[in-house]
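Let me begin by presenting the structure, written as structure tokens, before commenting on it.
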Amino acid sequence: MEPDKPKSELNWLIAAGVVGADIGTSVFYGTGILFPIVGYFAPLFVLTACLAMWIFKRTYEEGLAMSPYNGGAYSMILRSLGKQPAVFAGALTFVSYLATAAVSSLSGAFYLSSLFEGGLDQSTVVLISFIPVVLFGLLNIKGIKEPAKIVTGISIVHFGLLILISIWGLGYILFHFSEINFSKFGDFSSYPRALTGATLAYGFAAAFLGITGFESAAQIVETLEHPTSLTVRKLYKVVIIAVSVTAPVISIMCLTILTPDEVQGNINYLLSGLANKIGGQFLLTIIVIDATLTLFAATNTAFIGFIGLATTMAKNGNLPQICLKRVTHIIPKIEGYPIISFSLMAIVMSMSALVAGEVKIAAKVYEVAFLGVMVSFALGVILMRNKGLRKSTPTQYLSQSVIKLKEIKIPVPPLLTRVILIFALLLLRVLLVNNMNFDRSLVMVLLIGILLLLPKSVIDKSIIKLKNEIKIPIPPLLTCLILSFAVSFLVINASADVLFMLTFLTGITLILMAFYRWGVLEERLETHTDLRLGLGQFIHNVDELPENLPKHILCIGEHRVRRLLSKTLQSVSEKHPGPFELILLYAEDEEPTANTIFYEVLQRVVSQQIAPIYQNKDIILTVKILPGNLLEGLRTLKKTVEPKAIYFGVGRDPEHSDEIRKYISNEIEYPITTIH
């Protein structure tokens, strides 16, 4: 149950390279996306997104300090809201990484294609896009560190080149100062759109498309150099400084040096247009090669993130255990997860072939999904602050500025009604505004008016009452509000094709995971039923065994069951005289071999060997076999049982058993007693 401890850890520089590779690609498209919306104000919005990253940095530092495990938003939501919401966050994260890998590899291939006169045909571009997918897929099978080093080298060269171009561009401005028309920045009539409030809000939302990849560190936190929280702080500081120094400056250079016609002609490749103008074909070739390599490197970020999330979800029983199959015992140098890597390679190559002609749509899906994942993470951080912290939590990384709330009453039906109306608003945006000549502002005002001015007659007296004091840390709250606003505007302004692809991919992912979990549950129900055996005064009341006895939980495996059970019964009887119920919990995924045979053996041990010895004791013995691993089983059991104590046996390796005990105890926030 303990998280896999890699032989090699990533230091802050290599980790920064992995995260920076994805965010670093924003210079190739960020200004091109913003210019049609806010015109020459684009650099200001790029700078705004860079400044907001400092808030996001605090949010991720706090979240990963409280939950230093791979999985990102999935892990945070799992620990705060439970499995069902966490699975949705996991599905959204999967979609974002799948789209990241497909879009990055295809975009890199298209950039490389631009070096050839007339470009390459689409099928050739698709084949080229397979190269980074296969390369980084195979390298990640070997382990995370080798591809991470390659990506870090590419990131360092990339940001160094951006700084060089910034200096080069500044020199160009100084030598051609009289040729540059600076008045275009103030000529609002030449802007692509009128700068209304809605336009500025859309520009603000679109600016955050330049930070996609920010969440990736949360998927590799278990592989980071210790102390983990310090490594997280360093890597985010380096990434944010690198992006903040280069992205706004490059944006200003592109819009200052290029004429309006050149901007429009190179709207999808502004940096290439800038390089061609200030450095000719030589610098253009360098930029195209850099763009290709950096976009290919972003494919590795998707692999690392996907593998980190998939292994975490498999350990929690939400993906098949075969995903965790490794061959390190056969080939020590191969430390990765071959099944996950090969599966991702196949899916990404299939997606690349399918969306090659619709890269822009896939890119929008990737952007919305990724920002949605960040919102989920921020929400999870807020919820986690109101749960008990692990004893080892480094509190110096937690936000000291919090909002404290008491005695809040939330009317339930109005809350649900408003949620439904928000979805109705988005649906009407797609079905109505995209296809009819209604004024968008009028439609928005009417729908928001309905949302806010809901008649009190529909309000029920049912309420959600928060009895305990709620602490809301300010950085995660700001992150949640800012990115929720951004995601909402992006969804409202998205085309029907984007929304369909996002819904389809997320829905398929959820259905597949639900189908797997359904199969696991169905198999368990068909093969195992709980055994409940009464002893002492309960021996003759098999059909009416009491449910209100003090309950103790014993976690068992396939070895030394009788000895462990006897010692536990003796210990509990001495410490807690009187009737009690002992629940024997066995998690199927801990030792997946011969589960059915073990179930029969366990029943026989309890009924034929233990029961006769304690037949005069007022005890109820319950055998509970749950799908998933031990941690998942305890979480599930704690939802219906309030244990007086939880016991854990010592295996053949006492130190390893103690590490597992401490890990599970921290996760479920409940002390576990060792039985020797």
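The values are calculated or read from the model by the stated rules, or taken from the named source; none is laboratory data. Just so you know, these numbers come straight off a predicted model, no measurement behind them. When we count neighbours, we look across all protein chains shown, and the Cβ atoms used for this are built from the backbone with ideal geometry, even at glycine. Ligands, DNA and RNA are stripped out before the accessible areas are found, and what is left, the full protein with its side chains, is counted by its heavy atoms. Shrake-Rupley method; radii C 1.70, N 1.55, O 1.52, S 1.80 Å.
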Self-check item: Radius, Kirkwood style, for the range 46-124 when every pair of distinct Cα atoms is counted (Å)
Solution: 15.7
Quiz item: In terms of the Cα gyration tensor, with a ≥ b ≥ c the square roots of its eigenvalues, is the range 277-404 rounded because a/c is under 1.5, prolate because a/b exceeds b/c, or oblate?
Solution: oblate
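Using a ≥ b ≥ c from the Cα gyration tensor of the range 190-302 (square roots of the eigenvalues), is it rounded, prolate or oblate, where a/c under 1.5 gives rounded and otherwise the larger of a/b and b/c decides, a/b for prolate?
Because a/c hits 1.5 or more and a/b fails to exceed b/c, the range 190-302 counts as oblate.
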Quiz prompt | Volume in Å³ per residue [convex hull over Cα atoms, computed for the range 304-376] | solution = 111
Quiz item: Going by average Cβ neighbours within 10 Å, how do the peptides 171-183, 20-32, 242-254 rank, with the highest at the top?
Solution: 20-32, 242-254, 171-183
Quiz prompt | Rg/Rg_ref, the range 120-222, where Rg_ref = 2.2 N^0.38 Å and atoms are Cα | solution = 1.64
Practice problem: Please give the peptides 335-347, 198-210 ranked by average Cβ packing (other Cβ atoms within 10 Å per residue), highest first, as a rough proxy for protection. | Solution: 198-210, 335-347
Quiz item: Looking at PHE303, GLN264, VAL245, which one has the Cα that reaches farthest to the positive end of the dipole of the range 241-363 (charges on Cβ: Lys, Arg +1; Asp, Glu -1)?
Solution: PHE303
Practice problem: Could you compute the FRET efficiency for TYR670 and LEU13, with r as their C-beta to C-beta distance and R0 at 51 Å, rounded to 0.05? | Solution: 0.85
Quiz item: Hey, rough spin-label estimate for ASN181 and ILE508, points 7 angstrom out along Cα→Cβ, what's it come to in nanometres?
Solution: 4.7
Practice problem: Report the full-extension gain for the segment LEU230 to LYS149: residue separation times 0.36 nm, less the Cα-Cα distance, to one decimal in nm. | Solution: 27.2 nm
Quiz item: Suppose R0 equals 25 Å; then what is the FRET efficiency for ARG326 and GLN122 from their Cβ-Cβ distance, rounded to the nearest 0.05?
Solution: 0.10
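Averaged over every viewing direction, what's the projected area of the C-alpha convex hull for the range 1-133? Give it in nm², one decimal, please.
On the way: hull surface 48.7 nm².
Mean orientational projected area (the range 1-133, Cα hull): 12.2 nm².
Per residue, how large is the accessible surface of the range 226-281? Use a 1.4 angstrom probe and give square angstrom.
Working: 2160 Å² over 56 residues.
With all protein chains present, the range 226-281 gives 39 Å² per residue.
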Quiz item: Ignoring ligands, DNA and RNA, what percent of the accessible area of the range 18-151 is carbon or sulfur (1.4 Å)?
Solution: 71
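By how many nm would the segment from VAL157 to THR395 grow when fully extended, if each residue of separation counts as 0.36 nm and the alpha-carbon distance is taken off?
That works out to 82.1 nm of additional length.
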Quiz item: Any idea what diffusion coefficient the range 335-380 gets from Stokes-Einstein, in µm²/s, Kirkwood Rh on alpha carbon pairs, 4 °C, 1.567 mPa s?
Solution: 103
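What does the C-alpha gyration tensor say about the overall shape of the range 601-676? Classify as rounded when a/c is under 1.5, otherwise prolate if a/b is larger than b/c, or oblate.
Working: a/c = 1.89, a/b = 1.48, b/c = 1.27.
It is prolate, given that a/c is not under 1.5 and a/b is the larger ratio.
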